[in-house]
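All remarks here apply to the structure that follows.
The values are calculated or read from the model by the stated rules, or taken from the named source; none is laboratory data. Owing to the predicted nature of the structure, the values given are computational and were not obtained by experimental measurement. Glycine gets a Cβ as well: all are built from the backbone with ideal geometry, and neighbour counts include every protein chain shown.
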Amino acid sequence: MHPMSRRTLFAAALAAGTCVAGIAQAQTEIQFWHAMGGQLGEAVNRLADGFNKGQKDYKLVPIYKGSYTETLTAAIAAFRAKQAPHLVQVFEVGTANMMAAKGAVYPVHQLMADFKQPFDIKAYVAPVAGYYSTADGKLLSMPFNSSTSVFYWNKDMFKKAGLDPEKPPKTWPEVGEYGKKLVASGAKCGFTTQWQTWIQIENFGAWHNIPFATKQNGFAGTDIQLLINDPVRVKHIETLASWQKGNVFVYGGREGKSTPMFTSGDCGMFMGSAGTAGTIEASMISKGVPVGTGFLPYWPDVKGAPQNSIIGGATIWVMQGRPKADYKGVGQFFGYLSDPAVQAQWHMETGYVPITYAAYEVAKSRGFYQAKPGRDVAIKQLTLNEPTPNSKGLRIGNFVQIRDVMDEELEAVWAGKKTAKQALDSAVERGNKLLADFARANK
Amino acid sequence: MQKRVTFDNRLLPYLLVTPQLIITIVFFIWPAGQALFQSLLREDAFGTSSEFVWFENFVRVIEDESYLNSFRVTAIFSISVTVLSLAIALVLAVMADRIVRGGTTYRTLLIWPYAVAPAVAGALWGFLFNPRIGVLAYGIESIGVNWNYFLNGDQAMLLVVFASAWSRIGYNFVFFLAGLQAIPRSLIEAAAIDGAGPARRFWTVIFPLLSPTGFFLMVVNIVFAFFETFGVIHAVTQGGPSKATEILVYKVWSDSFRGLDLGGSAAQSVILMAIVVGLTVVQFRYIERRVHY
């Protein structure tokens, strides 16, 4: 190598080194690993920018790590290598596993107390905060993006079927009746559902105030058992299966795979995440297809229904293992995130529900719900009643696998291989094994 | 006298093999050892509590009904993919070998699918056969078949088998073609003069001479079907519906990365390692003997 170029290189390296050191001294970086791709990722970056511009001591660095599962796996691997990020976004089904990882996570209520950050759990929407709290109401992770499942209907298709486009079905028998009319008017399918386990089993339970698992759905202990083969759920799944005849109900795959069946105009009714509102707006409403948003249907013969629905989505967990002083910045970031204006902006940009009551008021005062009708259905449904132990949330170990089990058993019903009772009994039996494993590994 | 390379310096040979040794130790022995150790532990994902349980993970895995199912699925899947991709590649190679005009073009085109990564191949096939938006699914529906691989396990299996075999045909084709071209023309001509027709020439002359290539490809293809098809499965079915396409390697991944059950997953990896070692031994010891070289 030419001596000159070597010297230049050295100088450049030195300059780069001092430069990095300079930033590090002035600002402490806070790593935030998240799973928000595309437009949602940009919204996260805007949040980080806002926080970084508002103060000088800390720099929040959001890093997109892929899907929820990939993000969680990356954080676990990093923790085992003692390189954990400060913050990681974990989906709601990972809650029990995160909670059990004592020594790996820093509970939010404790962090806020340690650094004397102003914090009042009552400011947070109850079913959101409740899902991520201990049985005695202490917040473990910071609510971030929360949704719930709602009911959508295609008003044009309602008109064509001779139904009142402003009157969605309120109960399940009505859904069946409307579905038949839709199909009779030429629709390919009456209704379909996203995330069948989350909506038709988990939310279904909360909405009808029936338990999902023993010990307050797992909030009061890990040695629990599933209770999903109860008569109400069996009847519900049985009814859906019978509606497959004549295409009143059509199954469209796991997770969000069925969404195109509604947006393409195949199905007239749809149960899906409130977070799908953006997609529906882009592919239907903005193209002149009017869509209504309403509450989930319920069975009128079940006492206590409708109760309130439960959330889905993710929270931010704080990981242990970073210098103590860094966590002060984490506390400040949480304060910023809970600020009504910031939170309202996030809610309006993304379609996720506001996590504080104050943010909901801000969105109302800005006329958001007049401009975008239906965007307040999710929060109204979540807060319909004071949550009961059945509708506070779910704290289930090995939940990802248990959801897989439920998905498989439901698919066996849709394929006509099992009756609803057989499938749900088998889901309970298989799920209980996974729960027993979890209880043993996390004594 | 035997020709031998000798080194004056006694250390030099060791030095020369060191890079290879380091690679083997770092990328094979070490992770395999870790898997072995992990398979004897029961711990939470973060590794904050850990318990040594001897062979309990193995017992749990073997008693698990879904693991036995995964075995069955893997057997059906691997055999189907291997047979299908070898058979189609062989037919294509024999045909391409005969073509006089434009042969290079055909050959090049037939090799192309190999450049498509399995995950991409899976995504393409999944898209073409998507029951709602797939072009080919529409064609299947129009002949009266109720096509929905999201619900029908047999259809899902058929789809991943075809997608995997398709992505492998190019590779097999190259080897078969090279094998065919290495067969001396004089043998085939002699057979032709003796009155053997094309079919007879193929079965009595070409096929036996091609068997070393065929054997090599079979080993490589089975290993491919066991491991590299992960991308196809992940892109098309994620092992579903109801675990109908959950092959062993997919279950290992899904149990550890989705389910966070590291011990059980490590136990499965160890079993999988043993299976592949066993398969290779059987293939080389017993099947190879029947192959003409």
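How many of the residues making up segment A:369-405 are part of a helix (DSSP H, G or I) and either under 30 Å from A:GLN422 (Cβ atoms) or not hydroxyl-bearing (Ser, Thr, Tyr) (or both)? Show your work before the answer.
Just the residues of segment A:369-405 that are part of a helix (DSSP H, G or I), to begin with: A:369-371, A:377-382, A:399-405.
This time we only want the ones that are either under 30 Å from A:GLN422 (Cβ atoms) or not hydroxyl-bearing (Ser, Thr, Tyr) (or both), so: A:370-371, A:377-382, A:399-405.
Qualifying residue count, segment A:369-405: 15.
Of everything in segment B:269-291 that is at pLDDT 85 or above and touching a helix residue (DSSP H, G or I) at 6+ places or on another chain (Cβ under 9 Å), the residue that is surrounded by the most Cβ atoms within 10 Å (Cβ to Cβ) is B:SER269.
A count restricted to segment B:36-74 and to residues that are of a type in the set (A, V, I, L, M), away from chain A (no Cβ under 14 Å) and over 20 Å from B:VAL276 (Cβ atoms) stands at 1.
Kindly evaluate A:ALA96 against the criterion of being of a type outside the set (Asp, Glu) and part of a helix (DSSP H, G or I). Taking the combined requirement at face value, the residue satisfies it.
For segment B:152-201, which fully contained helices (runs of 4 or more DSSP H) count at least 1 residues that are without any contact (Cβ under 8 Å) to a residue 40 or more places away in the chain, surrounded by 13 or more Cβ atoms within 10 Å (Cβ to Cβ) and within 14 Å of chain A (Cβ to nearest Cβ)?
Working: elements: B:153-181, B:185-193, B:198-201.
Per the criteria, B:153-181.
Restricting attention to segment A:42-93, report how many residues are over 25 Å from A:ILE311 (Cβ atoms), assigned to a helix (DSSP H, G or I) and not hydrophobic (A, V, I, L, M, F, W, C).
Within segment A:42-93, the subset over 25 Å from A:ILE311 (Cβ atoms) is A:49, A:52-59, A:61, A:77-84.
Adding the requirement that they be assigned to a helix (DSSP H, G or I) leaves A:49, A:52-54, A:77-80.
Okay, now just the ones that are also not hydrophobic (A, V, I, L, M, F, W, C), so A:49, A:52-54, A:80.
Counting residues in segment A:42-93 that are over 25 Å from A:ILE311 (Cβ atoms), assigned to a helix (DSSP H, G or I) and not hydrophobic (A, V, I, L, M, F, W, C) gives 5.
Please indicate, with yes or no, whether at least one residue in segment B:23-35 is more than 14 Å from chain A (Cβ to nearest Cβ) and either touching a Lys or Arg at 6+ places or on another chain (Cβ under 9 Å) or outside any helix (DSSP H, G or I) (or both). No, segment B:23-35 has no match at all.
Against the conditions (1) within 14 Å of chain A (Cβ to nearest Cβ); (2) among the β-branched types (Val, Ile, Thr); (3) touching a Ser or Thr at 6+ places or on another chain (Cβ under 8 Å), B:VAL81 satisfies every one except (1). Going by the structure shown, is A:GLU29 modelled with pLDDT of 90 or more and surrounded by fewer than 17 Cβ atoms within 10 Å (Cβ to Cβ)? So A:GLU29 passes the test. Considering segment B:227-249, the residues that are assigned to a helix (DSSP H, G or I) and buried (at least 24 other Cβ atoms within 10 Å of the Cβ) include one that is farthest from the other protein chains (Cβ to nearest Cβ), namely B:VAL232. Only one of the numbered conditions (1) at pLDDT 90 or above; (2) within 25 Å of B:ASN130 (Cβ to Cβ); (3) among the hydroxyl-bearing types (Ser, Thr, Tyr) is not met by A:THR276, and that is (1). Residues in segment B:121-143 that are of a type in the set (Gly, Ala, Ser) and surrounded by 14 or more Cβ atoms within 10 Å (Cβ to Cβ) were compared, and the one that is nearest to A:SER264 (Cα to Cα) is B:GLY134. Scanning segment B:130-141 for residues that are modelled with pLDDT of 85 or more and not in a loop (DSSP other than H, G, I, E, B) yields B:VAL135, B:LEU136, B:ALA137, B:TYR138, B:GLY139, B:ILE140. Note on segment A:301-312: among residues that are modelled with pLDDT of 90 or more and under 24 Å from the mean Cα position of the chain (by Cα), the one that is surrounded by the most Cβ atoms within 10 Å (Cβ to Cβ) is A:ILE311. The criterion of being closer than 16 Å to A:ILE311 by Cα and crowded, with 18+ Cβ neighbours inside 10 Å holds for A:PRO143. Please determine, by comparing only the residues of segment A:244-258 that are surrounded by fewer than 21 Cβ atoms within 10 Å (Cβ to Cβ) and either within 14 Å of chain B (Cβ to nearest Cβ) or of a type in the set (A, V, I, L, M, F, W, C) (or both), which one is nearest to A:ILE402 (Cα to Cα). Per the stated criteria, the residue is A:GLU255. Are any of the residues in segment A:306-315 over 30 Å from A:ALA78 (Cβ atoms) and either small (Gly, Ala, Ser) or not in a loop (DSSP other than H, G, I, E, B) (or both)? For segment A:306-315, residues over 30 Å from A:ALA78 (Cβ atoms) and either small (Gly, Ala, Ser) or not in a loop (DSSP other than H, G, I, E, B) (or both): present.
Scanning segment A:393-414 for residues that are more than 20 Å from A:ILE311 (Cβ to Cβ) and either more than 7 Å from chain B (Cβ to nearest Cβ) or of a type in the set (Asp, Glu) (or both) turns up A:ASP404, A:VAL405, A:GLU408, A:GLU409, A:LEU410, A:GLU411, A:VAL413. Candidates are the residues of segment A:266-288 that are part of a loop (DSSP other than H, G, I, E, B) and away from chain B (no Cβ under 12 Å); the one that is farthest from A:ILE379 (Cα to Cα) is A:GLY288.
Of the residues A:LYS122, A:LYS82, A:LYS138, A:LYS116, only one is on the phi > 0 side of the Ramachandran plot and more than 14 Å from chain B (Cβ to nearest Cβ); which?
Working: A:LYS122 fails: on the phi > 0 side of the Ramachandran plot; A:LYS82 fails: more than 14 Å from chain B (Cβ to nearest Cβ); A:LYS138 fails: on the phi > 0 side of the Ramachandran plot.
Testing whether each residue is on the phi > 0 side of the Ramachandran plot and more than 14 Å from chain B (Cβ to nearest Cβ) leaves just A:LYS116.
Comparison of B:SER39, B:SER49 shows that the only residue that is over 23 Å from the mean Cα position of the chain (by Cα) and modelled with pLDDT under 85 is B:SER49.
The condition of being closer than 27 Å to B:PHE37 by Cα, more than 14 Å from every other protein chain (Cβ to nearest Cβ), assigned to a helix (DSSP H, G or I) and not basic (Lys, Arg) holds for B:PHE224.
Quick grid of which residues meet (1) closer than 29 Å to A:VAL248 by Cα; (2) of a type in the set (A, V, I, L, M); (3) in the same structural domain as A:ASP114 (by TED's automatic domain parsing); (4) without any contact (Cβ under 8 Å) to a residue 40 or more places away in the chain:
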position	(1), (2), (3), (4)
A:CYS267	yes, no, no, no
A:GLU281	yes, no, no, no
A:PRO290	yes, no, no, no
A:TYR327	no, no, yes, no
A:VAL330	no, yes, yes, no
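Being assigned to a loop (DSSP other than H, G, I, E, B) and closer than 26 Å to A:THR197 by Cβ is a property that A:MET36 has.
Whenever a residue of segment A:398-418 is closer than 19 Å to B:ASP44 by Cβ, its partners that are of a type in the set (Asp, Glu), lying with C-beta atoms within less than 7 angstrom and at least six residues away or across chains, give the pairs A:ASN398/A:ASP437. The set of residues in segment A:171-195 that are at pLDDT below 95 and under 24 Å from the mean Cα position of the chain (by Cα) comprises A:GLN194, A:TRP195. Against the conditions (1) outside any loop (DSSP other than H, G, I, E, B); (2) closer than 30 Å to A:ILE355 by Cα; (3) at pLDDT 95 or above; (4) not small (Gly, Ala, Ser), A:ILE210 satisfies every one except (1). Looking at segment B:251-266 only, could you name the residues that are closer than 26 Å to B:ASN130 by Cα and either facing chain A (nearest Cβ under 9 Å) or without any contact (Cβ under 8 Å) to a residue 24 or more places away in the chain (or both)? Answer for segment B:251-266, where residues must be closer than 26 Å to B:ASN130 by Cα and either facing chain A (nearest Cβ under 9 Å) or without any contact (Cβ under 8 Å) to a residue 24 or more places away in the chain (or both): B:TRP253, B:SER254, B:ARG258.
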